[in-house]
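These notes are about the structure you will find just below.
Coordinate-derived values only; no laboratory data. Here the structure is a predicted model, which means the values were calculated and not measured. Here the Cβ positions follow ideal geometry from the backbone for every residue, glycine too, while neighbour counts run over all protein chains shown.
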Amino acid sequence: MIRTTPFHPRLAELSQTQMWGNWSGYLSAVRYDLSSKHEYFGVRNAAGFFDTSPLYKYWIRGRDAELLCSFAFARDVRTLKLGRAQYTIWCDDDGFIMEDGVLFRFASDEFLLTAAEPNMGYLKQLSRLYDVEIVDASEDYASLAIQGPRSRDILEVLTPDISSLRYFGFTETKIANTPVTISRTGFSGDLGYEVIIPVADALPVLDAILQAGHPHGLRPYGDEALGMTRIEAGLPLIGVEFNSSRYAWTPDDRFTPDELGLGWLLKGIEDDSRPFIGRDAILRERADGSSRWRTVGITVAWSDFYELFDSRGHLAVPDEIPVAWESMLYNANGKRIGYATSFMYSPILQCHIGIARVKPKYAEPGTDIYLEQTVNHEYINVRATVTTLPFYNPERKTA
Amino acid sequence: MSDTNSYDAIVIGGGHNGLTNAAYLAKAGKKVLVLEQRHLVGGAAITEELRPGFQFTTFSYALSLLRPEIIQELDLVRYGFMPLLMRSHFAPMENGDYFLLGPDTGLNRQEIARHSKADVDGMERFEHDTARVRQFIRPLFDSIPPNLFSDDPADADKMAWLLKHLGTGNKKVIHDTVRLLTGSIADFCDDYLESDIIKATICSAACVGIKLGPMSPGSGMNWLYLSMGEHDGIGGSWSFHKGGNGGFTQVLARAATAYGAEIRLDSHVDHLITEKGEVKGVALRDGTEFRAPVVVSSLDPRRTFLEIADPRELPADLVETIQRFRFQGVASKVNFALDGLPEYPALSGRADQYLGFINVAPTVEYMERAYDAAKYGWYSEHPYIDACIQSLVDPDMAPPGKHVMSCFVMYTPYELKGSTWQAERENMADRVQATLQGFFPNFNDLVLQREVVSPDIIEAKTGLSEGNIYAGEFFPHQMYFFRPAPGYSDYRTPIRGYYQCGSGTHPGGCVIGAPGRLASQQVLKDLGRAKA
C-alpha cells in the first residue's frame with residue numbers, strides 16, 4: 001500500500017482531482033486544481049504551498065561534522081554560518097555529479113541535509129573515518145514549501161520571527177505552539193519559505209497556515225505547477241536535467257558541475273586546498289577545457305511558434321505543462337548540437353522556454369539554434385535563441 | 001514656438017490604442033508626444049482606488065482581444081504585462097440550478113450532460129466550427145483593410161490578397177462565417193444546442209455592448225468579434241490583468257515611455273492646426289500649441305472628424321457618414337466593494353465558480369426581453385449582468401478577505417425616453433443590486449460601496465460619444481471597409497498627416513490594441529514613402 005504524508009488528510013480534502021503521483025513511495029499531488037496553470041498563477045501572483053515531506057532528511061552531527069561535509073559536498077561548507085542554508089551537490093571521483101540537496105547549519109557541529117534521493121548508506125559509509133553521527137530523520141519531519149509574493153505576509157501573521165529572514169537564512173520558531181524550522185528557500189525562483197515540522201504536529205501547523213493564507217489566496221500546488229516554476233527559475237531537477245552518476249550506464253549520462261551550469265557552487269576551489277570528492281577531476285576538466293556541454297536557456301519566439309503551426313493549417317496552442325521528453329537541437333546546417341532537457345510554454349513570459357544542454361561553442365547568449373518539434377506528424381525544426389538562466393528572477397526573491 | 005514643443009508625431013488620447021500607437025512610433029525612432037485630457041492614462045481601461053485598498057475597474061474590466069503580436073513586438077512582459085487567466089464561467093439559473101464551465105474538458109462534458117446529453121458533442125462541434133471561422137478570418141483582423149475606393153496599386157494588391165485568401169476557405173467554413181456575420185446568435189446556437197441555459201451562456205457574449213438582442217440579426221457578428229481574442233493560444237479565453245485593466249494600460253504607458261514617448265496629462269486637445277490641407281500640430285484648450293507633421297487621433301470618429309478637425313476642411317460625404325455613424329451606447333457599469341463573497345445556495349461554501357465571468361443571463365428570452373426595453377428608450381427591468389470578482393483572482397485588488405465586484409450591465413440606453421440618467425442612475429443600480437440579491441441571498445449585506453457608471457458618465461469621463469464602449473456600434477456597415485467610413489478604413493484622413501487609431505477604426509472595440517498598431521504601420525509607411 002502506498003504511503004501518505006502527514007498532510008495528506010487535508011490535502012485530499014483540498015484536491016479537486018485526486019490525481020496523485022508516486023514520490024519515493026508517498027502519494028504526491030500531480031495537481032489539486034482542474035488546471036495546473038491556475039496553481040502556477042497562484043504561486044506567481046499570490047502564494048502556493050507544496051508538500052515536500054517525501055524529501056529525505058539526514059542529521060549530520062558530531063565533532064567532525066563540518067569536516068565530513070566539506071569533504072563529501074562540492075560546495076565549501078566551511079563558510080556556511082549558523083542559521084544559514086546552502087544549495088549543494090556531491091560528486092564522484094571523476095567529477096561527475098551524483099546528487100544535489102540543501103544543507104542547513106544548526107550548530108557548529110550539527111547539519112541537516114535534505115535531498116530528493118536516499119543517501120543514508122553513502123553518508124554512513126563516508127562517516128566511518130570521522131567522529132560523526134548520521135541520523136535518518138526522513139520520517140521524523142513533514143515539510144512544506146510556501147512560495148509566492150504573499151508567502152511572507154502569510155507566515156508573518158503566524159510568526160513575526162520570519163520578517164527579517166534573509167534569502168537562504170533559517171530560523172527555529174513556533175507555529176500553532178509547535179516548534180518548526182522556517183527557511184527562506186524553495187524551488188520556485190520566487191519569494192518563498194520552507195517549513196520543517198515534527199510529524200506528530202504537522203496537521204495543526206498546516207491548518208494554521210491555511211487559515212492565515214486564506215485571505216491572501218493561498219492554495220496548494222502539485223508537481224506540474226512545481227515543474228513550471230522551477231524551469232522558469234532555471235533550477236535543474238534530478239531525473240530530468242541529470243541523473244545520479246552512480247547509476248549511469250554510459251558517459252553520456254554523467255555530467256560535471258560546469259556542464260550542468262553549477263560551476264558557481266565551486267567558487268574558489270582553484271585557490272584553496274580543501275579536499276573534496278571530485279576535486280582533482282574538476283580542476284583537470286577546467287585546466288583542459290574538456291567540458292563537453294554547457295547548460296543554457298533557450299526561448300522560442302511567439303511568432304516563430306505561431307508560424308510553425310499556422311502555416312500548416314493548425315492552431316498554435318502552446319502547452320505550459322513541461323514536456324516529458326528531451327527535444328533535439330541542431331545548428332543552421334542541421335547538425336546535432338545538443339538537446340533540451342526541459343521545455344514548456346511560460347504563461348508569465350508569454351513564450352516557450354527550455355533548459356538545454358549544448359556544445360560549448362553554441363552557448364553564447366543570442367545564438368540561433370533549432371529545436372525539433374513534431375507538427376502535423378512531421379519533425380520540423382523551429383528557431384530558438386540561446387539565453388542565460390534563470391528566465392524569471394523577481395527582485396522580491398532575494399529582497 | 002520652441003523646439004521643445006515640436007515632435008515627429010502627436011497622439012491625441014492616452015487610451016490603450018493611443019498608447020500602443022505611440023509606443024510603436026517611438027520604438028521606430030520617432031519623437032512622440034501623447035496628449036491625455038485626464039489626470040491618468042488609460043482612457044476606458046483604468047483602475048481607480050475609490051475606497052482604501054479597493055481597486056475598481058471603472059469601465060473596461062477584462063482582457064482577451066489584445067493582439068499577441070503587440071505583447072511580443074512591444075516586449076510588454078518586460079514592462080509588467082501579466083494576464084491572470086479566468087478559470088471558470090458561471091451562469092446561475094432562476095430555478096436555483098446553475099451552469100458552470102471550468103478548465104477541465106472532461107468535467108465540462110459532465111456539466112453539459114447534466115443539462116442536455118445531446119449538447120455534449122453539440123458544444124464540441126459548436127466550438128470546433130467557430131474556431132475554424134476564427135482561424136479563417138484572423139488574417140483580416142490583423143491587417144489594414146484595403147481601401148476599396150482607392151486607385152493606389154498597393155490597395156489593388158491588398159484586394160487581390162484578400163480575394164485570394166477568401167478563396168482558400170472551404171464551403172462549410174465560408175458558410176459558417178456568413179451565418180455568423182449576418183444572422184442572430186440565437187439562431188446559430190439553435191443549430192447545435194438544445195439546453196436553454198447553455199444557449200443563454202453563449203448568447204450572453206453576443207449581447208455585450210451593442211444595441212441588439214440575442215435574437216437580432218447581427219448579434220452573431222458581435223459574438224464572433226468577442227470570441228476573436230485569445231490567451232496562450234486558447235481561442236476566446238479571457239483574463240484579468242494584474243491590477244485590473246488599468247494595470248494593463250500602465251504597462252503600455254511604461255513601454256511607450258521606455259521607447260521614448262512623452263506623455264502629457266491634463267492636456268485637453270481643442271483643435272488641429274492645419275495649413276493647406278496638411279496637419280501642422282494641435283492646440284490645447286488652454287491655448288498651448290504643439291507642432292508635428294503627424295497627428296494621430298485615438299478618439300472616436302465623431303470627435304476625430306467633427307470636433308478636433310474642422311469639418312469644413314473635410315469632404316461633405318465623409319462628414320455626412322460620420323454624422324450618421326451610430327454610437328447609441330447601451331452599457332453601464334455598477335461596481336461594488338464587498339465585505340465578503342456572495343453565497344450561491346446550490347454551491348454553498350464554494351468560491352471556485354467565481355474565478356471568471358459570472359453571467360446573470362439565465363435564458364435567451366431573459367436577454368431578449370432585457371433588450372426590448374432599450375428599443376423603447378428605457379433600461380431593463382431585469383438586466384443582463386456580466387459580473388466578476390477580480391479580487392478573488394488577483395488579491396491585490398482588495399484588502400485581505402474583502403472583494404471588488406465589477407458588474408457590466410445591459411441594457412441601459414444612452415438616451416432615456418422622458419428622463420435623464422441623472423434622475424435614473426441610482427434606480428438602475430437598484431435594479432442591478434436587486435437582481436443580484438435575487439440570485440445571491442447575502443448580497444445586500446455585503447455591499448460596502450457602490451459605483452454607478454451609466455452611459456452619460458462613460459461619455460463624460462472617457463470621451464466615448466454616447467458612452468458607446470466600442471467607439472462606434474458593431475454593425476456590418478460600420479465594420480472593416482466601412483469603419484469608420486468608406487474610403488477611410490486605412491487610418492488615413494483627408495487631411496494630410498492626420499491619422500486615426502481609435503477603436504472606431506478596424507478592428508476596433510474592446511482592449512485590442514490592433515487599431516493603434518495598424519495605424520502606426522500606416523504612418524510609418526507613409527513617412528517612409530515621403531522620404532523616398
Burial ranking of peptide ranges B:340-350, B:13-23, B:288-298 (average Cβ count within 10 Å, highest at the top): B:13-23, B:288-298, B:340-350
From the alpha carbon gyration tensor of chain B, can you work out the equivalent ellipsoid semi-axes (sqrt of 5 times each eigenvalue) and give them in Å, largest to smallest? 37, 27, 21
Cβ under 13 Å from A:Leu191's Cβ, A:Leu191 left aside: what net charge do those residues give with Lys, Arg +1 and Asp, Glu -1? +2
Cα centroid separation, the stretch A:77-91 to the stretch A:223-288 (Å): 16 Å
Using a 7 Å offset from the Cα along the Cα-to-Cβ direction at both A:Arg396 and A:Thr4, what is the distance between the two label points in nm, to one decimal? 3.3 nm
Tell me, rounded to the nearest percent, the portion of alpha carbon pairs in the stretch B:287-393 spaced more than 21 Å apart. 62 percent
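Taking only the C-alpha atoms, wrap a convex hull around chain A and report its volume per residue in Å³ as a whole number.
On the way: hull volume 61.4 nm³, N = 399.
Cα convex hull per residue, to the nearest whole number: 154 Å³.
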Summarise the partner chain shielding of B:224-237 as one whole number: the mean count of Cβ atoms from other chains within 10 Å of each residue's Cβ. 2
Using R₀ = 56 Å, calculate the FRET efficiency as 1/(1 + (r/R₀)^6) where r is the Cβ-Cβ separation of B:Ile234 and B:Lys276; round to 0.05. 0.65
Taking the Cα centre of the protein assembly as shown as origin, work out the dipole magnitude from +1 charges on Lys and Arg Cβ and -1 charges on Asp and Glu Cβ, in debye rounded to 20. 1380 debye
Does anyone have the angle between helix B:153-167 and the longest principal axis of chain B? Alpha-carbon axes, 0 to 90°, nearest 10? 20 degrees
Protection proxy (average C-beta count within 10 Å per residue), highest first, orders B:401-409, A:173-181, B:491-499, A:24-32 as B:401-409, B:491-499, A:24-32, A:173-181
Which entries of B:Lys31/B:Lys276; B:Lys30/B:Lys276; A:Lys267/A:Lys361; A:Lys37/B:Lys164 have Cα-Cα distances beyond 31 Å here? A:Lys37/B:Lys164
Per 0.36 nm of contour for each residue apart, how much would the distance between B:Thr105 and B:Glu343 grow if the chain were fully extended, relative to their Cα-Cα spacing? 83.1 nm
Dipole size in debye (nearest 20) for chain A around its Cα centre, Lys and Arg Cβ +1, Asp and Glu Cβ -1? 440 debye
Pairs of Cα atoms farther than 17 Å apart, the stretch A:119-270, %: 71 percent
For the stretch A:294-395, take every pair of Cα atoms, bin their distances at 5 Å starting from 0, and report each bin as a whole percent. 2, 13, 25, 26, 19, 10, 3, 1, 0
Which peptide among B:134-142, B:51-59 comes first, and what is the full order, when sorted by highest mean count of other Cβ atoms within 10 Å? B:51-59, B:134-142
The extension gain from B:Thr420 to B:Thr363, computed as 0.36 nm times the residue separation minus the Cα-Cα distance, is 17.6 nm
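On average, how many beta carbons from a partner chain sit within 10 Å of the beta carbon of a residue in B:130-137?
The shielding value for this peptide is 1.
Under a Cβ-only charge scheme (Lys and Arg +1, Asp and Glu -1), can you give me the dipole magnitude of chain B about the Cα centre, in debye to the nearest 20?
1140 debye
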Among the chymotrypsin sites (Phe, Trp or Tyr not before Pro) within the stretch A:305-387, which fall in a DSSP loop and have no more than 12 other Cβ atoms within 10 Å of their own Cβ? A:Trp325
Nearest-0.05 FRET efficiency for A:Arg166 and B:Ala460, computed from C-beta distance (R0 41 Å): 0.20
Within the protein assembly as shown, helix-based [θ] at 222 nm, where runs of 4 or more DSSP H residues each add -39,500 (n - 2.57), nearest 500: -9000 deg cm²/dmol
Length-normalised contact order of chain A in % [C-alpha pairs under 8 Å, at least 6 apart]: 17 percent
In sequence order, calculated HN-Hα J values of the stretch B:396-401 (Karplus, 6.51, -1.76, 1.60; Hz; x Gly/Pro): 6, 7, 8, x, x, x
Under 27 Å from the Cα of B:Lys417, which lysines turn up, not counting those fewer than eight places away in the same chain? B:Lys211, B:Lys333, B:Lys375, B:Lys461
Which of the lysines could a cross-linker bridge to A:Lys174, judged by Cα under 25 Å and excluding same-chain residues fewer than eight apart? A:Lys57, A:Lys81, A:Lys397
To the nearest whole number, what is the average tally of beta carbon atoms from other chains within 10 Å of the beta carbons of peptide A:35-45? 4
Rounded to a whole number, what is D in µm²/s for the stretch A:217-256 from Stokes-Einstein with the Kirkwood radius over alpha-carbon pairs (10 °C, 1.306 mPa s)? 132 µm²/s
Once you have the Kirkwood Rh of the protein assembly as shown from its Cα pairs, apply Stokes-Einstein at 25 °C and 0.890 mPa s and quote D in µm²/s. 81 µm²/s
FRET efficiency for B:Glu381 and B:Gln72 from the Cβ-Cβ distance with R0 = 45 Å, rounded to 0.05, comes out at 0.45
As a test of understanding, state the convex hull volume per residue of the stretch B:418-478 from its alpha carbons, in Å³. 135 Å³
Percent of Cα-Cα pairs per 10 Å bin, from 0 to the last occupied bin, for the stretch B:119-229, please list those. 14, 40, 29, 13, 3, 0
